[in-house]
Amino acid sequence: MAKKPRVKVPSSAKKGEVIQIKTLAPHKMETGRRKKKGKLIPRMIINKFVAKFNGKEVFSADIHPAVSANPYFSFYTKVSESGTFEFSWTDDKGKTVKASRKITVN
Amino acid sequence: MATSIKHKSKTIARRDVLKAAGLGAVAVAAGSIFTSEAFASPGKAKALLKKLTGGAEVKSGRVHLKLPEIAENGRTVPINVKVDSPMTSKDYVKAIHVVSEGNPNPDVVSFNLTSSSGKADISTRIRLGKTQNVLAVAVMSNGSVYMAKKKIKVTIGGCGG
């Protein structure tokens, strides 16, 4: 994964507001079913996505090969205090890519 | 090209396709990827559903599944799942599973939510191998299970080839 994941989190929100978060991680998401010159290309996908807020998990996804390349997720979460969102994507080889965003809540 | 092969292999038994010497790798690939037996059947999806829900009774309603009616490209199909829920610490959506009845594997993606999610509304993009039913299953915090089902036409499959 050469490119960095893209994450959209509002920079500020009101207390108790439900905010939308959008994430996209550049990844081929090889299904393990494609063939190149008659040989199967081994499976290589991101199988886990986790979003944490101030260390506490707020959203996670168990991903199978049926999720498109460059997996995109949009979801909501309620914020009640300022803090940092941490996102992590883990692939089949156990490699994890991380991103984080700060949000101010008032 | 893929569609014509798919059509052909439906009329010829898979065994015959594989047996026929001299057929190129394309035909073999078509035999293994495009015949219905290589794909998950509704039965397989049902078995997965049972595993995901722990055998709880699956009710309809509360889940809103948004999919295009026709996907020209099965490689990336936008999908949105919304679940009616107050999302309080006592009553919230614990998990949302997306299950395919026509892909090689019925698992698509599972989302884990918490009481602080605020809103059960998730969008992503998925791969679909052929025209099929897609199921969205929501597991609530009290263990009850709700499901929505939608048929989608897929012009070009997105699972292999």
Flag if A:Met29 is more than 12 Å from chain B (Cβ to nearest Cβ) and surrounded by 14 or more Cβ atoms within 10 Å (Cβ to Cβ): no
Filter result (modelled with pLDDT of 95 or more and surrounded by fewer than 22 Cβ atoms within 10 Å (Cβ to Cβ)) within region A:63-75: A:Tyr72, A:Ser74
Exclusive hit being within 7 Å of chain B (Cβ to nearest Cβ) and over 20 Å from B:Lys119 (Cα atoms), set A:Ala66, A:Ala99: A:Ala66
Residue list for region B:84-134, restricted to those being of a type outside the set (A, V, I, L, M, F, W, C), in a strand (DSSP E or B), more than 8 Å from chain A (Cβ to nearest Cβ) and within 11 Å of the chain's Cα centre (by Cα): B:His97, B:Gln132, B:Asn133
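The values are calculated or read from the model by the stated rules, or taken from the named source; none is laboratory data. These figures come from a predicted structure and were not determined experimentally. Every residue, glycine as well, gets a Cβ built from its backbone with ideal geometry; the counts of neighbours run over all protein chains shown.
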